[in-house]
1. Please give me, ordered by residue number, the chymotrypsin sites (Phe, Trp or Tyr not before Pro) of segment 184-219 that lie in loop per DSSP and have at most 14 other Cβ atoms within 10 Å.
2. Expected output is a single nm value to one decimal: the length gained when fully extending between PHE206 and ILE119, i.e. 0.36 nm times separation in residues minus the C-alpha distance. What is it?
3. Give the residue list of trypsin sites (Lys or Arg not before Pro) in segment 1-65 that are DSSP loop and have at most 16 other beta-carbon atoms within 10 angstrom.
4. Name the residues of segment 1-24 whose amide N is less than 17 Å from a point 7 angstrom out from the Cα of SER131 along the C-beta direction?
5. If each of LYS55 and ILE229 carries a label point 7 Å out from its Cα toward its Cβ, how far apart are those two points in nm?
6. For VAL188 and GLU82, compute 0.36 nm times the residue count separating them, minus their Cα-Cα distance, and round to one decimal in nm.
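What follows is calculated from the coordinates using simple rules that are stated; it is not laboratory data. Given the structure is predicted, the values throughout are model-derived calculations rather than measurements. Please note: Cβ atoms are built from the backbone with ideal geometry, for glycine as well, and neighbour counts cover all protein chains shown.
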Amino acid sequence: MSPGNVYKADLSKVEEVSITPPAGKCNPHHTTDAYGTYSVNSCVATCRDDYIYEKCKCIQFTPPHPENTADPEKYQRTCSLEEWMKCGQQAYKKFVSDFVDLKREGESMCKCEKACKEISYRATISSSRLSKYYAKEKIPMLRKVNGKINVREAEMDLKKSRVGDTTNTSVYSPTVDNVYSNLMVLEVLFTKIHVERIDEYLKFDFNGLIGNIGGQMGMLLGASAFTVIEFIHFLIKSCWRYCLNKRGRQDPSTVGYYKNEGL
């Protein structure tokens, strides 16, 4: 984003509901964290704060809900400008570099499990050049704000003159060119009044799988449970007869049958 442009961010709300274990992989116990409602992104932000605190004993800024953590005092210790320049900035860059390193296969800096219910916002951003007519309309409002700033700067110049400092504080004068080259407009709005919901559901459970296999066998093979039992019984009996004949013995169940046949 750059000055002299108007940006519009069109948002749409998306709810994603996942299946709980054992079929799903989400963790139903993760509901809140230091950044409010739990999500993968908030988990990564908490992981980043923990990493910076481990290196520098301070964090970049205090999250909105530190009371949701096991150690709220840790998340309220923000880095001063000096601490951030000496340690925090390098730790932040190292965290980003390691987090997006695709060569770290099988490893993860942040153990962030998927939320069972997660709300996200899809944004579509469009931009156009800022009109000088629009910049001209903003000049009266900026002059009111600038008047308050000039009063403060005049007080600062007075204090400087008392201590012998003759340098004057520069005063900003709002003109069309200044506003046009320094003003940027960002409009955020919802373009859709409805909410998109994505539900994850189990297509096949164990009972459904067994029923599907049985149905396919019955349709393609004409088999049923009794047919399978009879087939197994036939195999066992055939093996038993083969073993008896191999030893020169006769199956007692067939003796009467052979006598009646005259064999």
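1. Numbers: sites: PHE190, TYR201, PHE204, PHE206; in loops: TYR201, PHE204.
Passing both the DSSP loop test and the Cβ count: TYR201, PHE204.
2. Working: separation 87, 0.36 × 87 = 31.32 nm, distance 3.05 nm.
Here the answer is 28.3 nm.
3. Working: sites: LYS8, LYS13, LYS25, ARG48, LYS55, LYS57; in loops: LYS25, LYS57.
In loop regions of segment 1-65 (DSSP not H, G, I, E or B), the sparsely surrounded trypsin sites (Lys or Arg not before Pro) are LYS25, LYS57.
4. Of the residues in segment 1-24, 4-8 have backbone N under 17 Å from the label point off SER131.
5. Output for this residue pair reads 6.9 nm.
6. Working: separation 106, 0.36 × 106 = 38.16 nm, distance 3.42 nm.
So the extension gain works out to 34.7 nm.
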